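Have a look at the structure below, then the notes.
The values are calculated or read from the model by the stated rules, or taken from the named source; none is laboratory data. Treat the numbers as computed from the prediction; the structure is a model and nothing was measured. Glycine also receives a Cβ, built like all others from the backbone with ideal geometry; neighbour counts cover every protein chain displayed.
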Amino acid sequence: MTFPAYRHLLNLQPSLRLLNEPGQPPVQPFAAAAFDETGSAAGLALAELPLTGDNPPELLSLFVAREARNRGLGTELLAYLEGQVGRRGFAELRTVYTVGKPAIGAFERVLTKCGWAEPTPRTLSVRLSVEQALSLPWLERYRVRSGCEIFPWTELTDDERRALRLSQEERGWIAKDLVPWRYDAHGFEPLTSLGLRCGRDVVAWVINHRSAGTTLRFTCSYIRKDLGRRGRILPLFSASIKRMRQAGFSACTFVAPMRHATMVAFVRRWVQPWANSVTQTRGSEKALRSAPAIGTLGKPEHEQTSADGDPAVGETVDTTLKGPASRL
Ligand SMILES: CC(C)(COP(=O)(O)OP(=O)(O)OC[C@H]1O[C@@H](n2cnc3c(N)ncnc32)[C@H](O)[C@@H]1OP(=O)(O)O)[C@@H](O)C(=O)NCCC(=O)NCCS
């Protein structure tokens, strides 16, 4: 009842949202489950609550068994989850989801019914097999300009790392969410992650991660603005793609946040025309009311029972509802 990548969260212990993904703070999973009158699972809403930092909680998945759909259970589950998250003092709940699947119409209808904001585009994601990547027509077309060299990111020196941080503090030349240390601190794919040195300066990088078995994800790429025009970052991608087979990858994905117009334009121009799959995500959010629920005020935590109570973070919820899938 949730995505394979989130199944580890169902033990409801603090964890990374995605195993083997760097740069994430640990989160507290929170789930609300619905059961029908025979005790069979009918639906599941899964969210993550932040344990550190100021990221808002996020709805990760909402699922209702096929035979129980279109009877209000998805709406009921989400409304219940919102209430519980709000009661823990969080002011907002967000969600990001992939569009193009058959149930997205129903999911967005549920969001509307629950009063969420109009969904907006968040990321563009393009997938290529290793064969498609190796046949990209620009792979051999662009050369590294003279005075510059490509180097494995594993060979970035401590001095260069310090210089990058210092120059960012002084000049803020790197988009804040694309600073390399956000993506390499907890590991990265060592063979295909590369940097570009021009003179003594590190001016560009392509930092990648293994995602889902043999898929390589181009997670973070950046080139200094004054050097970025006319495909100057392409030699880095070319070198990286040529190492994919040796590193054991059968496919790769390019993911561009919609708010980075240049990244989106890059993916649309240089990758999308040769890709076998293009997906977009949309996102929405809702401001939460954080007032405690009626009937539980003043009760000690252990007496706050399931029917309208406040289960400890991470417990699944068991409360009675009307209707065919009757226990939420
Ligand atoms: C999305 C999902 C959870 C909804 O659960 P549900 O119990 O059917 O939801 P509800 O009955 O509360 O509401 C469904 C609403 O969508 C509407 N709907 C159904 N199919 C629709 C479609 N193709 N386009 C637009 N609206 C649709 C229903 O008419 C209903 O709206 P209404 O109450 O105004 O008539 C369920 O369809 C599901 O599990 N899908 C598969 C998993 C999934 O894709 N989850 C979303 C991303 S994580």
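Please indicate, with yes or no, whether at least one residue in region 188-202 is part of a helix (DSSP H, G or I), at pLDDT 95 or above and farther than 20 Å from T279 by Cα. Within region 188-202 (the criterion being part of a helix (DSSP H, G or I), at pLDDT 95 or above and farther than 20 Å from T279 by Cα), the answer is no, since none of the residues qualifies.
Checking each residue in region 224-266 for being more than 26 Å from Q280 (Cα to Cα) and of a type in the set (S, T, N, Q) picks out only Q246. For region 56-65, the criterion of being under 22 Å from M1 (Cα atoms), surrounded by fewer than 20 Cβ atoms within 10 Å (Cβ to Cβ), near the ligand (Cβ under 8 Å from one of its atoms) and free of Cβ contacts under 8 Å to residues at least 60 places away in the same chain is met by no residue.
Kindly list the number of the only condition in (1) more than 30 Å from L44 (Cβ to Cβ); (2) within 16 Å of the ligand (Cβ to nearest atom); (3) charged (D, E, K, R) that fails for R109. Only one criterion is unmet by R109, namely (1). Regarding region 35-45, can at least one residue be identified that is more than 9 Å from the ligand (Cβ to nearest atom), assigned to a strand (DSSP E or B), touching a residue at least 24 places away in the same chain (Cβ under 8 Å) and of a type in the set (F, W, Y)? Yes: region 35-45 contains one or more residues that are more than 9 Å from the ligand (Cβ to nearest atom), assigned to a strand (DSSP E or B), touching a residue at least 24 places away in the same chain (Cβ under 8 Å) and of a type in the set (F, W, Y). In the condition set (1) under 29 Å from T215 (Cβ atoms); (2) more than 16 Å from the ligand (Cβ to nearest atom); (3) not basic (K, R), Q84 is compliant with all but (1).
Looking at the structure I just gave you, is Q84 polar (S, T, N, Q), within 20 Å of S284 (Cα to Cα) and over 15 Å from the mean Cα position of the chain (by Cα)? Taking the combined requirement at face value, the residue satisfies it. In region 95-105, the qualifying residues are those that are loosely packed, with under 15 Cβ neighbours inside 10 Å and at pLDDT 95 or above, and the one that is farthest from the ligand (Cβ to nearest atom) is I104. Can you spot a residue in region 7-19 that is modelled with pLDDT under 95, crowded, with 18+ Cβ neighbours inside 10 Å and either of a type outside the set (A, V, I, L, M) or closer than 16 Å to V96 by Cα (or both)? Yes: one or more hits. Filtered by the rule that a residue be under 31 Å from the mean Cα position of the chain (by Cα), closer than 28 Å to N276 by Cβ and among the hydroxyl-bearing types (S, T, Y), region 121-157 gives T123, S125, S129, S135.
Criterion applied to E76, E92 was being near the ligand (Cβ under 10 Å from one of its atoms), at pLDDT 95 or above and among the acidic types (D, E), and the one residue passing it is E76.
Condition first: more than 9 Å from the ligand (Cβ to nearest atom), under 19 Å from L60 (Cβ atoms), modelled with pLDDT of 95 or more and among the hydrophobic types (A, V, I, L, M, F, W, C). Can you find one or more residues in region 115-128 that meet it? Yes, there is a match, as at least one residue in region 115-128 is more than 9 Å from the ligand (Cβ to nearest atom), under 19 Å from L60 (Cβ atoms), modelled with pLDDT of 95 or more and among the hydrophobic types (A, V, I, L, M, F, W, C).
Within region 276-289, being surrounded by fewer than 20 Cβ atoms within 10 Å (Cβ to Cβ) and part of a loop (DSSP other than H, G, I, E, B) holds for N276, R289. Of a type in the set (V, I, T), surrounded by 15 or more Cβ atoms within 10 Å (Cβ to Cβ) and out of contact with any Lys or Arg (no Cβ under 8 Å at 6 or more places or on another chain) - does that describe any residue in region 25-35? No, the conditions are met nowhere in region 25-35.
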